[in-house]
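A short write-up of the structure that comes next.
The values are calculated or read from the model by the stated rules, or taken from the named source; none is laboratory data. The model shown is predicted, which means the values in this text are computed figures rather than measured ones. Surface areas here come from the heavy atoms of the whole protein model, side chains and all, with no ligands, DNA or RNA. Shrake-Rupley method; radii C 1.70, N 1.55, O 1.52, S 1.80 Å.
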Amino acid sequence: MMLIVTLLAIGLGIWGYHRPAKAVVLYQIYDLPTFDVKAIDTTWNPMANSTSAWAVITEQQRASLLKGSSKPLLENEVHVGDWPAVAHASSFIYPELFPSDTAPRHLFDTGQIAGFFGVRNSGGQLQFRMQLNLRHQKDDREAWATEQVSRSDRIEERFLYEGNAPEAYLLVASQFNEKEHHVLIVQVHPVEKFPPFGITRTGNSPALSR
């Protein structure tokens, strides 16, 4: 009997500390100059079993990082109301017809993201979990333009973040080639009720402000 009472007490204690939560997760993916990424004044945290690292950045730091950049390679809104995992997957492909002295050639920029997001309330603090596989391949434009050589840069990363939801932005950066980092920027908005897709809690488009 005492064992049953003890187990019930433990169960109720865990339930009382960890509570369900809902959040709208917004993310963007970019290729950004390595110099700009390393110039951010922040604390980088290596991810286990990965070459990627994460950091929490402010709105001002994000604006500085994206200054002069083009639109994101991929942008999405995910409604997350479970822990530890709500499945998500998305991809992109950008073909470019490149001129040639002999015959034009299509060069491609492709990528995909797949994995899980989770949120919960732990002792009054919103926790966020992100377990993702990230793949990206881009044909080398310079190699084709100067040498007519087909060459590609590629990256395949698997990483896990679990901790407090960022107050502003969570930045994950992976070295892509000598000049660029493949970057994931994430926002987590806690909500009482999920808005229609495409509308954030502020009533605006889900796009992270550019």
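Values for this structure:
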item	result
Share of carbon and sulfur in the accessible heavy-atom surface of segment 58-159 [1.4 Å probe, %]	47
5 angstrom amide H check on ASP140, placed H, neighbours 5+ away	ARG151, SER152, ASP153
Rel. contact order, % - alpha carbon contacts under 8 angstrom, at least six apart, segment 37-187	24
For segment 85-98, 3J(HN,Hα) per residue [Karplus equation, 6.51 cos²θ - 1.76 cosθ + 1.60, θ = phi - 60°, Hz, x = Gly/Pro]	8, 10, 5, 8, 8, 7, 8, 9, 8, 10, x, 9, 7, 9
Over segment 142-199, relative contact order from alpha-carbon pairs under 8 Å, at least 6 apart, %	24
Value in Å of the Kirkwood radius, where segment 102-193 supplies the Cα pairs that are averaged	15.8
